[in-house]
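The values are calculated or read from the model by the stated rules, or taken from the named source; none is laboratory data. Values in this document were obtained by computation on a predicted structure and should not be read as measured data. Note that each Cβ is placed from the backbone with ideal geometry, even for glycine, and that neighbours are counted across all protein chains shown. Heavy atoms of the whole protein, side chains included, go into the accessibility calculation; ligands, DNA and RNA do not. Shrake-Rupley method; radii C 1.70, N 1.55, O 1.52, S 1.80 Å.
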Amino acid sequence: MTTHDQMRCQASYDAVAEEYVRRIYDELQHKPLDRELLDRFCARVSGVGSACDVGCGPGHVARHLSENGVQVCGVDLSPAMVAHARRLNPAIEFFTGDMMALNFPDQVWAGITAFYSLIHIPRAELKDALCELRRTLRPGGLLFIAFHVGGHTVHLDEWWGRSVNVDFHFFESAEMTGYLSAAGFEVEEVIERDPYPDVEHASRRSYIFARRPCLPELDDESKRR
């Protein structure tokens, strides 16, 4: 993302942060498949190493991971979101940061979740964003992402009565698996579902489990692409 794109995305989420908490923070209670898949992520990461929720918003996904035995932190571009996450989840560390340039060492995490955060990355920059996530994962580390299915972009100038300037990019599952492979990930599983009525935006959803390869020669190969 350009600096301008980052600034407008950050400002937009800062503007809606309080309403976002009110509407979204408890949403997992109404999404059984999301909970089931997150529990699968927890089972694979818990006891192996720590994890990060990238694009954590108010921390509801990080909270679920923590409650299921994962040592987790969260990162979000919006300082207002991070402030809410810290208030609502005082036992979890949250940081303001850019997923395109994470201020963390190489190979620090055993797992990363990115729920509806890649949707703000333009297609031309998505491989770079995924490479940055791969950099912070250990060999064999697990990436679990969620996004809206489609081939279009939704732009909002107004969101819940607030003035914003933000784009939401929708991706086909096959398109996203292509970006993941180009960034050096091994795609393990793709799951899609229809939207839950009266709970969320009426878009089809996709979830992908992918991992950083364990073999160094495979990982080096991806860096030369």
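Residues that are in contact (Cβ under 8 Å) with a residue 24 or more places away in the chain and surrounded by fewer than 19 Cβ atoms within 10 Å (Cβ to Cβ) within the stretch 194-211 comprise TYR196, VAL199, GLU200, HIS201, SER203, ARG204, listed in sequence order.
Scanning the stretch 96-106 for residues that are out of contact with any helix residue (DSSP H, G or I) (no Cβ under 7 Å at 6 or more places or on another chain) and buried (at least 16 other Cβ atoms within 10 Å of the Cβ) turns up just one, GLY97. Find the residue count for the stretch 133-147, including only residues that are surrounded by fewer than 18 Cβ atoms within 10 Å (Cβ to Cβ) and under 14 Å from the mean Cα position of the chain (by Cα). Counting residues in the stretch 133-147 that are surrounded by fewer than 18 Cβ atoms within 10 Å (Cβ to Cβ) and under 14 Å from the mean Cα position of the chain (by Cα) gives 0. In the stretch 146-162, the residues that are under 12 Å from HIS120 (Cα atoms) reach residues that are polar (S, T, N, Q) and open to solvent by less than 50 Å² (accessible area, probe 1.4 Å) with C-beta atoms within less than 7 angstrom, at least six apart or across chains, in these pairs: PHE147/SER206; HIS148/SER203. Considering only residues in the stretch 77-97 that are in contact (Cβ under 8 Å) with a residue 60 or more places away in the chain and within 25 Å of ARG205 (Cβ to Cβ), the one that is farthest from the chain's Cα centre (by Cα) turns out to be LEU88.
Does any residue of the stretch 158-174 turn out to be part of a strand (DSSP E or B), open to solvent by 50 Å² or more (accessible area, probe 1.4 Å) and among the hydroxyl-bearing types (Ser, Thr, Tyr)? Checked against the condition, which is being part of a strand (DSSP E or B), open to solvent by 50 Å² or more (accessible area, probe 1.4 Å) and among the hydroxyl-bearing types (Ser, Thr, Tyr), the stretch 158-174 yields at least one hit. Note on the stretch 21-41: among residues that are in a helix (DSSP H, G or I) and touching a His at 6+ places or on another chain (Cβ under 8 Å), the one that is farthest from GLY140 (Cα to Cα) is VAL21. Out of all the residues in the stretch 109-129, is one or more assigned to a helix (DSSP H, G or I), touching a Gly at 6+ places or on another chain (Cβ under 7 Å) and at pLDDT 95 or above? No, the stretch 109-129 contains no residue that is assigned to a helix (DSSP H, G or I), touching a Gly at 6+ places or on another chain (Cβ under 7 Å) and at pLDDT 95 or above.
Against the definition (modelled with pLDDT under 95, open to solvent by 20 Å² or more (accessible area, probe 1.4 Å) and not in a helix (DSSP H, G or I)), how does GLY69 come out, yes or no? The answer is no for GLY69.
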